[in-house]
There are 2 protein chains.
Amino acid sequence: MKTMKPSIPKGTRDFGPEEVNKRNYIFDTVKSVFVRYGFHPIETPAMENLTTLTGKYGEEGDQLLFKVLNNGDYLRKADKDALAALDSSQLTASISKRGLRYDLTVPFARFVVQHQNDLTFPFKRYQIQPVWRADRPQKGRYQEFYQCDVDVIGSDSLLYEAELVQIYDEVFKALGLKVKIRLNHRKILEGLADICGISDKLTDLTITIDKLDKFKNGWQGACEELSKRGITEDKHAQIKQVLDVTSLDQLKDLYASSEVGQAGLAEMEKVHAFLEGYDLHNTLAFDVTLARGLSYYTGCIFEVVVDTDVEGQEKVKMGSIGGGGRYADLTGIFGLNDMSGVGVSFGAERIYDVMEELSLFPEETRSAIPKILFLAFDEASHMFAFKQVTALRQAGISADIYPEPTKFKKQMKYANARGFSHIGIIGEDERTAGKITLKNMQTSEQTLLSPEDLLKQLQD
Amino acid sequence: MKTMKPSIPKGTRDFGPEEVNKRNYIFDTVKSVFVRYGFHPIETPAMENLTTLTGKYGEEGDQLLFKVLNNGDYLRKADKDALAALDSSQLTASISKRGLRYDLTVPFARFVVQHQNDLTFPFKRYQIQPVWRADRPQKGRYQEFYQCDVDVIGSDSLLYEAELVQIYDEVFKALGLKVKIRLNHRKILEGLADICGISDKLTDLTITIDKLDKFKNGWQGACEELSKRGITEDKHAQIKQVLDVTSLDQLKDLYASSEVGQAGLAEMEKVHAFLEGYDLHNTLAFDVTLARGLSYYTGCIFEVVVDTDVEGQEKVKMGSIGGGGRYADLTGIFGLNDMSGVGVSFGAERIYDVMEELSLFPEETRSAIPKILFLAFDEASHMFAFKQVTALRQAGISADIYPEPTKFKKQMKYANARGFSHIGIIGEDERTAGKITLKNMQTSEQTLLSPEDLLKQLQD
């Protein structure tokens, strides 16, 4: 058989031991917080029916779906007109009925509707699984990556917004990363349009606000964009006045005339009331300029960024590492109406990159290797060493042994390559005495120990 | 938008909270043993290049590969002759260059070759990820299922065979399931062909042996099969004599004339020497009739089945729940030769089913719900209750709260549906006193407690 040079598809990755351990450290941290807050895990299949996925992510999203070819003689049922016309997009539906999960939100909505009779609402779920997108691969953007979502569905209680703030706060505290949790409310954006008398231009207003920090010439650029979108100059000062606000209180007077604005303020205050007395580790900031996911969210919106005002984190350049919000009708598309929900996600891939940059991974994830490696120099000693390593493992200690009683140099090379901190050396002398020479690789100190004393020392 | 009835592809599954927790219980148990034995985790992408996958699983396997349609205008580069002839199998290579992982073995081989310069050999890895096969869905057979593999590559030391026996033993001990670990050696099968003078018929011999327990009329059926395969009747008695052997010692004389048979015996004895003094929890049985994976394995072969001789497990009907063996040249196909390896896998899906049947999952995986649910009956009490639940969560206790201060009956219905064992009730009296009424749902006992005493009680 022909030998081939092995590779993996563009935009996908292999993860070696250290990367898997570090990624699991993030996932385990997140999960432990989710569980403390009463959230339950679910998992959905990698492949969904294309009828479930198509049309949910806009036209661009549909093009980024990975479609799975039907098995067997798929051309038999192919659309013959599309074939004749060489029309790829027309043909697809007839030769592919499954696609790879594009996010966790649509599968979650599908799950809730499909299993609604088995679920207790409000249903609190988390889901940590890979998703696939046929994006052009580039630095930091992959075709396969993990999403990490936590949602509660079937209640409009603002208590859950408070819980999600706390979850963000606790997770990043546990990870050792200081963040800013930015909070806004869709109705506060609606209130702004309302008081300016441009409610019909809400989408144009929010799109512009969403890009505020991207205009090269600052507010001037935003004004040009607003004008271009039909929001006339006489409104710009009033918009600016609201966007400059930094606390809810300042908005009260400005929004006195807007019912929807007042409603947004009241909801935000209720969230803060739930959080009163909660000792936030990170910064929670009301941010009237936060306008993400405009078509999707109907209530509170969240975004998390690395806090670059904190010592040691000044140089981190990274977009949002989390976000979410409340949605009024996620499951309507699958036929289940009036299910309000709220959820946030963790950008695990970006969190990983930031933690790597700031060296925040604990030592044990960096070098998750056994506590000791045994070396032996003759057959009988090797057998004796294997009994020692077995005894340690049965006592719950992670331990390993070089597979052959070969030259010391070769075995030490292996020990160094894997980075063991302790070596258990067994030659004829040790074997005869029933003991082990323990070598500390950092200090080079050597001690002759009985098996019992070795166990004790490694347990400490 | 049209409302659609949601469903998932045939042969795939959603996993609800209890199933995820139980599955993770198996995976976590397995992982903790792997880590103690010095194995490291790796992960590979769901999609591999089809050039990596095709031709590795036989013709049938190729047909069971899920192929992913190329993105964009895939017909532009399609094989026009295949299109004209409506030849599906001819067309595939030109419209699909990626496929879903079919097992973890080929991706592992690909990984080792691709990253050989970054790995330290012998390389001990485990991998727990889903695989996809376009098998016809049926009871217990899915198109998406997890595999759980542990391998060491780059050494022919028989110490690793011993480690894998210990790993099987420890994992099933930890899971509470008694198993039989069956062990044989490829060279013992070769020895049998050798002493019978039918080395050219080795494959026919092993195929027949592999089916021994499937013949309706027992040994008579096997003889018919042997004859049909050109192994003449005069050999049958000699074959039977070896197949009836139950210990290695009995084979010594029978194999006196066979070099390869002697070599197999010597290797098996070495494995047993490593295991001497190891206190096996399960049954380890030499089984000369074990002949799995004939084309693939070159040394020891393993298989694990539920031990139906053990009390309480008599009724379990289940094929093998684990298996593996030594292979001389897994990576040769990708251009890296002379890399001996040995590995076994755990049939996680079957283990799950058996554990479910025998009720072996611990209580906490059955009902992984928070320790307490708070109920409140007015706005102020609800706010007070939220502070209590927050305090418990911050102390590391998993706790939850009903999202609204609504009718007692409605809240209790929710508490019962989720199955909480403790309820924290807060009405005006409790709030005024700064206390919580703790109700044990099993005993219906109620106690009025301070927040500190509640914490203490829940920590116990």
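Compared with its chain on its own, segment B:325-340 contains the following residues whose accessible area drops by 30 Å² or more in the full protein assembly (probe 1.4 Å; ligands, DNA and RNA excluded): B:Ile333, B:Phe334.
Using Cα atoms only, what is the angle between the long axis of helix B:105-114 and the major principal axis of chain B, expressed in degrees (0 to 90) to the nearest 10? Compared with the principal axis, the helix lies near 80 degrees.
What FRET efficiency, computed as 1/(1 + (r/R0)^6) with R0 = 30 Å and r the Cβ-Cβ distance, is obtained for A:Asp210 and A:Ser247, rounded to the nearest 0.05? The value I calculate is 0.90. Label-to-label distance, B:Lys387 versus B:Ser7, with points set 7 angstrom from Cα along the beta-carbon direction: 5.3 nm. Against the empirical 2.2 N^0.38 Å (N residues), segment A:301-460 has a Cα radius of gyration ratio of 1.69. Relative contact order for segment B:369-459: 31 percent, from Cα pairs under 8 Å spaced at least 6 residues apart, divided by residue count.
Could you pull out the GluC sites (Glu not before Pro) across segment B:262-309 that fall in loop regions by DSSP (anything but H, G, I, E, B) with no more than 14 other Cβ atoms inside 10 Å? Could the numbers behind the result be given before it?
Numbers: sites: B:Glu267, B:Glu269, B:Glu276, B:Glu303; in loops: B:Glu276.
For GluC sites (Glu not before Pro) across segment B:262-309 that sit outside H, G, I, E and B with at most 14 neighbouring Cβ atoms in 10 Å, the list reads B:Glu276.
Taking 15 Å as the straight-line reach from the Cα of A:Lys315, the aspartates and glutamates in range (excluding those fewer than 8 positions away in the same chain) are A:Asp307, A:Asp353, A:Glu356, A:Glu357. The interface between chain B and chain A buries about 9100 Å² of solvent-accessible area in total (1.4 Å probe, ligands and nucleic acids excluded). Evaluating 6.51 cos²θ - 1.76 cosθ + 1.60 at θ = phi - 60° for every residue in segment A:390-397, the Karplus couplings come out as 5, 4, 5, 4, 5, 8, x, 8 Hz, glycine and proline recorded as x. For segment A:369-459, the tally of Lys pairs with Cα-Cα distances below 21 Å comes to 18, considering only residues 8 or more apart or on different chains. In this entry, the protein assembly as shown is assigned a mean projected area of 45.3 nm², taken as a quarter of its C-alpha convex hull surface. Using 10 Å bins from zero, what percent of all Cα-Cα pairs in segment B:369-459 falls into each bin? Histogram of Cα-Cα distances, whole percents per bin: 19, 58, 23. If you sort B:Trp132, B:Trp219 by accessible surface, 1.4 Å probe, largest first, the order is B:Trp219, B:Trp132. Across identical copies of the chain, B:Glu224 has label-point separations of 8.9 nm, listed in ascending order, with the point defined 7 angstrom from Cα along Cα→Cβ. Once R0 is set to 41 Å, what does the formula 1/(1 + (r/R0)^6) return for the Cβ-Cβ distance between A:His281 and B:Asp429, expressed as a FRET efficiency to the nearest 0.05? About 0.75, to the nearest 0.05.
Distant-in-sequence amide contacts of B:Ala285, defined by a placed amide H-H separation under 5 Å and a gap of 5 or more residues or a different chain, comprise B:Ile181, B:Arg182, B:Leu183. Remark: label point of A:Gly434 defined 7 Å out from Cα along the Cα-Cβ vector; separations to the same position in other copies 6.2 nm, ascending. Summarising the amide proton neighbourhood of B:Ser96: residues at separation of 5 or more, or on other chains, whose placed amide H is nearer than 5 Å comprise B:Asn70. The label-point distance for A:Glu59 and B:Gln63, in a model that sets each label 7 Å from Cα toward Cβ, rounds to 4.1 nm. Backbone amide hydrogens, once placed in the peptide plane, bring A:Phe374 within less than 5 Å of A:Asp400, A:Ile401, A:Tyr402, A:Gly424, excluding anything fewer than 5 places away on its chain. Among beta bridges from DSSP that stay inside the protein assembly as shown, the antiparallel ones total about 80%. Sequentially through segment B:313-321, phi angles give Karplus couplings (6.51, -1.76, 1.60; θ = phi - 60°) of 10, 4, 8, 5, 10, 7, x, 5, 10 Hz, Gly and Pro residues having no value and appearing as x.
Could you do me a favour and compute the accessible area per residue for the protein assembly as shown, 1.4 Å probe, result in Å²?
Details: 39320 Å² over 920 residues.
With the other protein chains kept in place, the protein assembly as shown gives 43 Å² per residue.
In summary, the lysines within cross-link reach of A:Lys10, defined as a Cα separation below 17 angstrom excluding same-chain residues under 8 places away, comprise A:Lys67, A:Lys139, B:Lys67, B:Lys97.
Rounded to the nearest Å, what's the spacing between the alpha carbon centres of segment B:15-29 and segment B:337-380? Just the number, please. Cα centres, segment B:15-29 to segment B:337-380: 3 Å.
If packing is taken as the average count of other Cβ atoms within 10 Å, what order do A:392-404, A:412-424, B:161-173, B:50-62 fall into, highest mean first? Could you put the intermediate results ahead of the total?
Values: A:392-404: 19.7, A:412-424: 17.7, B:161-173: 23.8, B:50-62: 16.0.
The packing order, highest mean first, is B:161-173, A:392-404, A:412-424, B:50-62.
Rg and Dmax of chain B, both derived from C-alpha coordinates alone, stand at 28.8, 95 Å. For a label point 7 angstrom out from the Cα of A:Ala380 toward its Cβ, which stretches of segment A:398-413 have the backbone nitrogen within less than 17 Å? Residues A:405-406 qualify, since their backbone N sits under 17 Å from the label point.
Each Cα pair under 8 Å and six or more residues apart adds its sequence gap; the mean of these over the residue count of chain B is a relative contact order of 14 percent. For segment B:27-55, a drop of 30 Å² or more in accessible area on going from the chain alone to the assembled protein chains (1.4 Å probe) is found at B:Arg36, B:Tyr37, B:Gly38, B:His40, B:Pro41, B:Glu43, B:Pro45, B:Ala46, B:Met47, B:Asn49. Share of carbon and sulfur in the accessible area of segment B:1-145 stands at 46%, probe radius 1.4 Å. Working note: Karplus 6.51/-1.76/1.60 with θ = phi - 60° gives segment B:65-73 the couplings 6, 7, 9, 9, 5, 4, 7, x, 7 Hz, where Gly and Pro are set to x. Ordering of B:224-234, B:340-350 by packing is B:340-350, B:224-234, highest average first (other Cβ atoms within 10 Å, averaged per residue). Using the rule -39500 (n - 2.57) for each DSSP H run of four or more residues, divided by the residues of chain B, the 222 nm mean residue ellipticity is -12500 deg cm²/dmol. Interface residues of segment A:100-115, defined as those with an accessible-area decrease of at least 50 Å² between the chain by itself and the complete set of protein chains (probe 1.4 Å), are A:Gln114. By accessible area, using a 1.4 Å probe on protein heavy atoms only, segment B:369-459 has 51% of its surface on carbon and sulfur.
The values are calculated or read from the model by the stated rules, or taken from the named source; none is laboratory data. Just so it is clear, the structure is predicted and the values come from calculations on it, not from any experiment. Glycine gets a Cβ as well: all are built from the backbone with ideal geometry, and neighbour counts include every protein chain shown. Please note that ligands, DNA and RNA were not included when accessible areas were found on the heavy atoms of the full protein model with its side chains. Shrake-Rupley method; radii C 1.70, N 1.55, O 1.52, S 1.80 Å.
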